[in-house]
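Visitor: Pasting a structure below so you can have a look.
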Amino acid sequence: MSSMPGGKAIVDTLLKEDVNHVFGLIGSAGMEIFDALHGTPEIRFIGVRDERTGTHMADGYARAANRAGVIIAGQNGPGATNLVTGLAQAAAAYSPVIALAGSLSSGHVYRDAFQEVDQQALLRPVTKKTWTATQARRLPEMVHEAFRTALAPRRGPVALNLPRDILAEVVDFDDGPSGWRGELAPAADVDSIARAALFLAGSARPLILAGGGVKNGRCHKVVLQLAELLHAPVVMSPGHGDAIPCGHPLYAGQMGPRGNLVATDLARRADVILAIGTRIGFNTTFYSHHNLNPHATIIQVETDPLALGRFMPIALGLFGDAGTVTAQLCRELAGHTATHAMRWREDFQRKRAALLKTRDEDGARVTTPLQPATLFKILRDISPEDSMFTMDAGTLCLQATDQMRYAQPPSLFTPLDFGLVGFSYACGLGVKLACPTRTVVSLMGDGGFGMTMSEIGTAVMHGINSICVVMNNGCWGAEKAYQRDFFGGRYIGADVSNPPYDKVAELFGAAGFQVDEAAQLEPALQAALVCGKPAIIDVQIDPNALYSFRRDSFKHRDPKK
């Protein structure tokens with residue numbers, strides 16, 4: 001045992017959890033934690049400009065590093081309320097973010113004290129679990145429990161509220177209960193594996209639908225081994241187009257309303273669909289069979305038993321880890337020769353090649369104002385093989401999600417489950433810290449970047465050299481598309497007036513580039529890649545290049561009215 005303030009005990013416990021990056025915004029309620037971090041060079045503290053964007057950084061870091069991301073809100077009240085949006089995003093993405101929130105002194109609770117808010121009630125709906133510390137001596141135990149909870153299947157964010165008097169209290173600490181967590185990779189039962197193998201072996205049109213469980217489990221190699229055994233194309237749920245490397249001949253891209261037509265057509269025609277590590281949920285299906293063959297035999301593999309058959313009827317549910325169950329299926333099907341599926345595979349590959357050719361032809365058409373397809377083609381051509389892309393919500397990013405080259409998983413980070421505008425740039429800073437040797441490109445609309453551009457200062461201060469491409473069309477594109485298509489072009493609140501973002505970047509000390517026409521784009525991207533600074537590229541995009549993604553939501557509207 002040793003005597004120390006509660007704040008120092010928390011930092012010591014973070015060290016025991018092998019934490020090497022912490023994001024946060026200082027505040028008086030958490031000063032003992034920050035003072036302890038000052039004396040702990042093993043942990044790099046990234047001071048942010050807003051707790052929301054700091055949480056997005058922790059989220060991106062967690063997804064890219066495959067470990068917990070830590071965010072500290074040093075101020076009770078406003079500091080904690082700012083966490084809510086970031087934690088809700090992390091919860092929707094099953095991202096293991098740990099929020100340590102400074103809280104009101106215990107003796108001031110329920111007295112209308114300065115900056116008082118019920119943080120326990122506030123954070124509970126957007127986390128996997130929320131605690132409030134009540135004894136200084138138990139702080140190490142609670143921090144270990146936060147990590148254990150965040151990282152246990154199914155992963156998700158947690159919040160620990162830390163009253164300032166408990167952080168300041170000096171007591172004798174031991175390490176508390178062990179922070180040990182086993183690597184949980186449950187296997188499916190033998191009989192279910194045998195049944196699944198029979199379905200797959202008899203399929204003439206097999207399809208693998210890979211979701212977040214494949215990406216987060218880093219198990220693309222075994223998934224591809226099974227795909228090759230079956231001659232099964234691999235489609236991915238939206239937001240997980242990087243579940244397998246895009247260069248593989250069975251890679252089909254993302255399916256469904258936010259995917260591409262070739263991948264979606266596969267899902268509409270497949271006779272057996274093996275859904276690995278996916279809920280087969282909203283973004284994949286919009287809860288309908290419009291993009292999924294209603295007569296297909298669906299085998300679903302999920303580590304969450306409650307997800308099996310929850311949204312779509314299935315023939316067989318396999319409760320288990322995506323990689324472990326896939327390896328079981330490979331062993332069960334060893335020696336299988338799927339000659340009857342060769343025509344299916346070859347037909348897919350012809351259509352996929354035609355799709356890629358069409359995309360490149362569309363992107364090669366140089367027009368002013370610049371079209372999204374041109375930007376996407378140049379990004380595909382210029383971005384290094386190791387590139388990691390972060391996306392925002394909004395019409396331009398939704399158009400981009402299936403267009404990039406995801407060569408080295410993981411390489412795509414999106415807010416699709418929560419649809420959050422203002423996510424991408426901050427997320428990219430966290431991704432870059434997790435993978436400092438890889439290229440990180442963040443795509444954002446101009447509205448979303450305006451929400452979060454203060455974090456350019458964080459990037460400059462800490463030398464986080466990501467590239468942000470601002471697709472600037474001067475409007476809230478998704479909503480303007482709906483107003484155009486379903487509300488007779490009666491625009492209100494749709495247009496956005498922006499400063500020159502390249503100049504804003506330069507004022508912060510970053511590299512800024514302005515692109516008004518296609519010929520300027522490639523030189524700007526090349527310069528951003530080698531500038532050795534955080535880079536912002538302000539690209540002027542055709543404001544009419546809008547698309548209504550959720551047309552189903554406006555079936556009740558007559559577009560002529």
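Visitor: Counting only residues 5 or more places away or on other chains, whose amide H sits under 5 Å from the amide H of S103 once H atoms are built in the peptide plane?
Guide: HN-HN under 5 Å from S103: L162, R164.
Visitor: Also: Roughly speaking, what is the stretch gain from M342 to L261, that is 0.36 nm per residue apart minus the C-alpha to C-alpha distance, in nm to one decimal?
Guide: Extra length from M342 to L261 when fully extended: 27.1 nm.
Visitor: Counting just the Cα atoms, what span does the chain cover along each of its three principal axes? Round to the nearest Å and put the largest first.
Guide: Result, largest extent first: 72, 60, 48 Å.
Visitor: Determine the shape class of segment 313-452: with a ≥ b ≥ c the square roots of the Cα gyration tensor eigenvalues, call it rounded for a/c under 1.5, and otherwise prolate if a/b is greater than b/c, oblate otherwise.
Guide: oblate
Visitor: Using alpha carbon coordinates only, what is the Rg to Rh ratio of segment 56-147, with Rh defined as the Kirkwood radius? All intermediate terms of the calculation are to be shown ahead of the outcome.
Guide: Working: Rg = 13.4 Å, Rh = 13.8 Å.
Ratio value, two decimals: 0.97.
Visitor: Would you mind listing how long segment 342-383 runs along its three principal axes, going by Cα atoms, in whole Å with the largest first?
Guide: So the extents along the principal axes, rounded to whole Å, are 43, 20, 11.
Visitor: For D112 and A204, compute 0.36 nm times the residue count separating them, minus their Cα-Cα distance, and round to one decimal in nm.
Guide: Computed gain between D112 and A204 is 26.3 nm.
Visitor: Can you classify segment 289-357 as rounded, prolate or oblate using the Cα gyration tensor, where a ≥ b ≥ c are the square roots of its eigenvalues, rounded means a/c under 1.5, and otherwise it's prolate if a/b beats b/c and oblate if not?
Guide: Here segment 289-357 falls in the oblate category.
Visitor: Here's another thing I want to ask about it. Quote the relative contact order of segment 112-170 in percent (integer), defining contacts as alpha-carbon pairs under 8 Å separated by 6+ residues.
Guide: Worked out over segment 112-170, it gives 40 percent.
Visitor: Considering Cα pairs under 8 angstrom that are at least six residues apart, work out the relative contact order of the chain and quote it in whole percent.
Guide: Once divided by the residue count of the chain, the mean separation gives 13 percent.
Visitor: Around S387, under 12 Å between beta carbons, what's the net of Lys plus Arg minus Asp minus Glu among the other residues? Can you show the working numbers first?
Guide: Numbers: positive: R380, R405, K432, R438; negative: D242, D381, E385, D386.
Summing Lys and Arg as +1 and Asp and Glu as -1 gives 0.
Visitor: Now for a different question. After finding the eigenvalues of the alpha carbon gyration tensor for segment 86-139, what semi-axes result from the square roots of 5 times each, listed largest first in whole Å?
Guide: Equivalent ellipsoid of segment 86-139: 24, 14, 8 Å, largest first.
Visitor: Taking other Cβ within 10 Å of each residue's Cβ, how do E385, E145 sort, fewest first?
Guide: Going from least to most buried by this count: E385, E145.
Visitor: Another one. Leaving out same-chain residues fewer than 8 places away, which aspartates and glutamates sit with a Cα under 15 Å from that of K533?
Guide: In chain and number order, the partners are E455, D502, E506.
Visitor: Then there's this: Hey, can you grab everything whose amide H is under 5 Å from the amide H of A275? Only 5+ residues off in sequence or another chain; H modelled, so Pro and N-termini drop out.
Guide: Close amide H contacts, sequence-distant or interchain: L209, I299, Q300, V301.
Visitor: Let me ask another. Take K16, K8 and order them by how many other Cβ atoms sit within 10 Å, fewest up front.
Guide: Fewest-to-most ranking of K16, K8: K16, K8.
Visitor: Once every Cα of segment 2-173 carries one equal point scatterer and solvent is ignored, give the base-10 log of I(q)/I(0) from the Debye formula at q = 0.11, 0.13, 0.18 Å⁻¹, two decimals.
Guide: -0.37, -0.53, -1.07
Visitor: Taking every DSSP beta bridge that has both residues in the chain, what percent is antiparallel when rounded to the nearest 5?
Guide: Percentage antiparallel, nearest 5: 5.
Visitor: Another question about this same structure. Apply the a/c threshold of 1.5 to the C-alpha gyration tensor of segment 190-349 and tell me whether it is rounded, prolate or oblate.
Guide: Details: a/c = 1.25, a/b = 1.06, b/c = 1.18.
It comes out rounded by the Cα gyration axes.
Visitor: Could you compute the net charge surrounding G247? Neighbours are other residues with a C-beta less than 10 Å from the C-beta of G247; K and R count +1, D and E count -1.
Guide: Working: positive: R405; negative: E385.
That works out to 0.
Visitor: Which FRET efficiency value, to the nearest 0.05, is calculated for S497 and F311 with the Förster distance at 30 angstrom and r the Cβ-Cβ distance?
Guide: 0.15
Visitor: Sticking with this structure for a sec: Lys and Arg at +1, Asp and Glu at -1: add these up for the other residues within a Cβ distance under 9 Å of P369 and post the number.
Guide: Surrounding charge for P369 is -3.
Visitor: Search the structure for amide H atoms under 5 Å from the amide H of Q254, placed 1.01 Å from N in the peptide plane, and list their residues when 5 or more places away or on another chain.
Guide: It is M236, N260, by chain and number.
Visitor: Listed highest first by mean packing, meaning other Cβ atoms within 10 Å per residue, what order do 85-94, 221-230, 187-196 come in?
Guide: My ranking of the peptides, most packed first, is 85-94, 221-230, 187-196.
Visitor: Taking the alpha carbon gyration tensor of segment 365-552, what are the square roots of 5 times its eigenvalues, largest first, to the nearest whole Å?
Guide: 25, 17, 17
Visitor: A follow-up question, please. Whole-Hz ³J(HN,Hα) for each residue in segment 372-384, computed from phi via Karplus 6.51 cos²θ - 1.76 cosθ + 1.60 with θ = phi - 60°, x for glycine and proline: what do you get?
Guide: For segment 372-384, the Karplus-derived couplings read x, 4, 5, 4, 5, 5, 5, 4, 4, 6, 8, 5, x Hz, x marking Gly and Pro.
Visitor: Let me ask you something else. Hey, could you pull the Cα Rg and Dmax for segment 219-283, both in Å?
Guide: 10.9, 30
Visitor: Which of the peptides 69-80, 125-136 is most tightly packed, and how do the rest follow, judged by the mean count of other Cβ atoms within 10 Å per residue?
Guide: Order by mean packing, descending: 69-80, 125-136.
Visitor: Could I ask something else about it? Calculate, in nm to one decimal, what A187 and F554 gain on full extension: separation in residues at 0.36 nm each, minus their alpha carbon distance.
Guide: Gain on extension, A187 to F554, equals 127.8 nm.
Read-outs: derived from the displayed coordinates by stated rules, not from any lab. All values reported here derive from a predicted model rather than from experimental measurement. Methodologically, a virtual Cβ is constructed for each residue, glycine included, from the backbone with ideal geometry; neighbour enumeration extends over all protein chains shown.
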